[in-house]
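A.B. asks: Got a structure here, written out as structure tokens. Questions coming.
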Amino acid sequence: DPTLKSLKVTADNLSDYLGARKLLPEQISAEDEVGVVNGLAWTEAGGELLRVEAVSMPGAGHIECAGNLGTVMKESAQIALSCLRSDSQSLSLPDNFSKDKDIHIHFPEGATPKDGPSAGCAIYTALVSEFTGRPVKQDLAMTGEITLHGRVLPIGGLREKAMAAYKAGVHTVLIPEDNRKDLADVDQAVLDGVQFICCKSAGDVLRQALV
């Protein structure tokens, strides 16, 4: 229209010009849940929230992983379960707590490939929550790999993961102690809006994550 001199685009009329929103923002759950943990992942497009679910059912001690996982992440699940078995007494679980149970670990959004050594803490926490019945705080997210002895290992992509947590409404992020130095690279707005807690062990993670 030759008579049109200006056009004001706002949040209210943006869809009139671009159409309906195709990608919905990631959001945390409003209520704490058993067996559900907010992990964090690095992708070529930046960080993203990576939800981890664990559920147990009558069975024969088998473990199944789903969600288009790579080899490294499947190994993380096996290590997390072994760590849980070794910690069973300190967690007041029976020695054979998983002998007659099948365990299913799921990373939703299966169309997206997932791999990398940074989901161990989240998987371990989801398993502990499922077998103890203690809910996980849903305004909290975490990143970090664990060893068989429960030590938390450093990760990469903290800046991007921290931004993903911030955008999703997360209030607390658990990171490996060895990544403390990398907080200097995190955007100031994220540092102002999110509490970062450094963890050395799986026990540190549980003390912060479980209700």
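The values are calculated or read from the model by the stated rules, or taken from the named source; none is laboratory data. None of the values given here were measured: they were computed from a predicted structure. Positions of Cβ are backbone-derived with ideal geometry, glycine not excepted, and every protein chain shown enters the neighbour counts. Each accessible area value is taken on the protein alone, full model and side chains, heavy atoms only, with ligands, DNA and RNA left out. Shrake-Rupley method; radii C 1.70, N 1.55, O 1.52, S 1.80 Å.
A.B. asks: Tell me the net charge near Glu33. Cut-off is 15 Å between Cβ atoms, Glu33 excluded, with +1 for each Lys or Arg and -1 for each Asp or Glu.
C.D. replies: Result for the neighbourhood of Glu33: -2.
A.B. asks: Another question, if that's okay. Counting only other residues whose beta carbon sits under 12 Å from that of Gly61, what net charge do I get with K and R as +1, D and E as -1?
C.D. replies: Local charge sum for Gly61: 0.
A.B. asks: Same structure again: Between Asp185 and His149, what is the FRET efficiency for a Förster distance of 25 Å, r being their Cβ-Cβ separation, to the nearest 0.05?
C.D. replies: 0.30
A.B. asks: What distance in nm separates the two pseudo spin-label positions at Gln195 and Asp102, each 7 Å out from Cα along the beta-carbon direction?
C.D. replies: Rounded to a tenth, the inter-label distance reads 4.0 nm.
A.B. asks: Same structure, new question: By how many nm would the segment from Asp16 to Ser29 lengthen if fully extended, with 0.36 nm per residue of separation less the alpha-carbon distance?
C.D. replies: 1.7 nm
A.B. asks: To the nearest 10 degrees, how steep is helix 71-86 against the longest Cα principal axis of the chain, on a 0 to 90 scale?
C.D. replies: The helix 71-86 is inclined about 40 degrees to the chain.
A.B. asks: Further question: Which whole-number percent is the relative contact order of region 27-146 (Cα, under 8 Å, 6+ apart)?
C.D. replies: Result for region 27-146 is 43 percent.
A.B. asks: Quick check for you: with a 1.4 Å probe and neighbouring chains kept, what is the accessible area per residue of the chain, in Å²?
C.D. replies: Averaged over the residues of the chain, the accessible area is 55 Å².
A.B. asks: Against the longest alpha carbon principal axis of the chain, how many degrees, from 0 to 90 and to the nearest 10, is the axis of helix 158-168 turned?
C.D. replies: 70 degrees
A.B. asks: Quick one: what are the phi-derived ³J(HN,Hα) couplings along region 144-153, Karplus 6.51/-1.76/1.60 with θ = phi - 60°, whole Hz, x for glycine and proline?
C.D. replies: x, 9, 10, 9, 4, 9, x, 7, 8, 9
A.B. asks: I would also like to ask the following. What GluC sites (Glu not before Pro) does region 61-114 have in DSSP loop regions with at most 14 other beta carbons within 10 Å?
C.D. replies: Filter output for region 61-114: Glu109.
A.B. asks: Among (1) 51, 50, 29; (2) 79, 38, 31; (3) 77, 52, 35, which one is Cα extents along the principal axes in Å computed from these coordinates?
C.D. replies: (2)
A.B. asks: With the full set of protein chains in place, find how many percent of the accessible area of the chain is carbon and sulfur; take the probe as 1.4 Å.
C.D. replies: Whole-percent figure for carbon plus sulfur exposure: 51.
A.B. asks: Taking the dipole about the Cα centre of the chain, with the C-beta of Lys and Arg at +1 and of Asp and Glu at -1, give me whichever of Gln78, Leu153, Ala66 is farthest to the positive side.
C.D. replies: Leu153
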